[in-house]
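Asker: What follows is a single structure, and I will ask about it in a moment.
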Amino acid sequence: MNKSELIDAIAKDAGITKVAAKAALESFISNVSTTLKKKDGKVSLVGFGTFSVAERAARQGINPATKKPIKIAAKKVAKFKAGADLATAVSGAKKK
């Protein structure tokens, strides 16, 4: 599913226009991004999952074309950990 398909699905499920669904989705993405940029930023949606930021340490890598070692700089990366309800839905297990 891509962004436009998600907007269509949200509009249909919520009974709203595609314009309103697009605005809601863009607001969600913007607010998650803004929160993750803050120090100790984290967004938790109970049952769905948690968006957070992790630090990746600098490390040695290998350039696949030349086979020479390269230095890969440290950086921050976005992470998502699925919540229990989402994990159960994806695995196909039945809820107890």
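Asker: Among the residues of segment 55-96, how many are β-branched (Val, Ile, Thr) and not in a strand (DSSP E or B)? Quick ask: steps written out before the conclusion?
Answerer: Filtering segment 55-96 down to residues β-branched (Val, Ile, Thr) leaves 62, 66, 70, 72, 77, 88, 90.
Pick out the ones that are also not in a strand (DSSP E or B) and you get 66, 88, 90.
Total meeting the criteria: 3.
Asker: Scanning for something of a type in the set (Val, Ile, Thr), open to solvent by 60 Å² or more (accessible area, probe 1.4 Å) and either in a loop (DSSP other than H, G, I, E, B) or touching a helix residue (DSSP H, G or I) at 6+ places or on another chain (Cβ under 7 Å) (or both), does segment 4-23 turn up at least one residue?
Answerer: First, pick out the residues of segment 4-23 that are of a type in the set (Val, Ile, Thr): 7, 10, 16-17, 19.
Still in the list and also open to solvent by 60 Å² or more (accessible area, probe 1.4 Å): 16-17, 19.
Next, only the ones that are either in a loop (DSSP other than H, G, I, E, B) or touching a helix residue (DSSP H, G or I) at 6+ places or on another chain (Cβ under 7 Å) (or both) stay: 16-17.
Checked segment 4-23: at least one residue is of a type in the set (Val, Ile, Thr), open to solvent by 60 Å² or more (accessible area, probe 1.4 Å) and either in a loop (DSSP other than H, G, I, E, B) or touching a helix residue (DSSP H, G or I) at 6+ places or on another chain (Cβ under 7 Å) (or both).
Asker: Filter segment 42-61 for residues that are of a type in the set (A, V, I, L, M) and touching a Lys or Arg at 6+ places or on another chain (Cβ under 7 Å) and give the result. Show your work before the answer.
Answerer: Step one: filter segment 42-61 for residues of a type in the set (A, V, I, L, M), giving 43, 45-46, 53-54, 57-58.
Passing the criteria: Val53, Ala54, Ala58.
Asker: Can you say whether Ser44 is touching a residue at least 12 places away in the same chain (Cβ under 8 Å), of a type outside the set (A, V, I, L, M) and surrounded by 10 or more Cβ atoms within 10 Å (Cβ to Cβ), as far as the supplied structure shows?
Answerer: No, not satisfied.
Asker: Can you say whether Ser52 is assigned by the TED database to the domain that holds Ala73, modelled with pLDDT of 95 or more, under 16 Å from the mean Cα position of the chain (by Cα) and not in a loop (DSSP other than H, G, I, E, B), as far as the supplied structure shows?
Answerer: yes
Asker: Turning to a different aspect of this structure: Any chance segment 60-75 includes a residue that's of a type in the set (A, V, I, L, M), at pLDDT 95 or above and under 17 Å from the mean Cα position of the chain (by Cα)?
Answerer: No: zero hits.
The values are calculated or read from the model by the stated rules, or taken from the named source; none is laboratory data. As the structure is a computational prediction, the values presented were derived from the model and not from experiment. Don't worry about glycine lacking a Cβ; one is built from the backbone with ideal geometry, like all the others, and counts go over all protein chains shown. Surface accessibility is based on the protein's heavy atoms, side chains included, excluding ligands, DNA and RNA. Shrake-Rupley method; radii C 1.70, N 1.55, O 1.52, S 1.80 Å.
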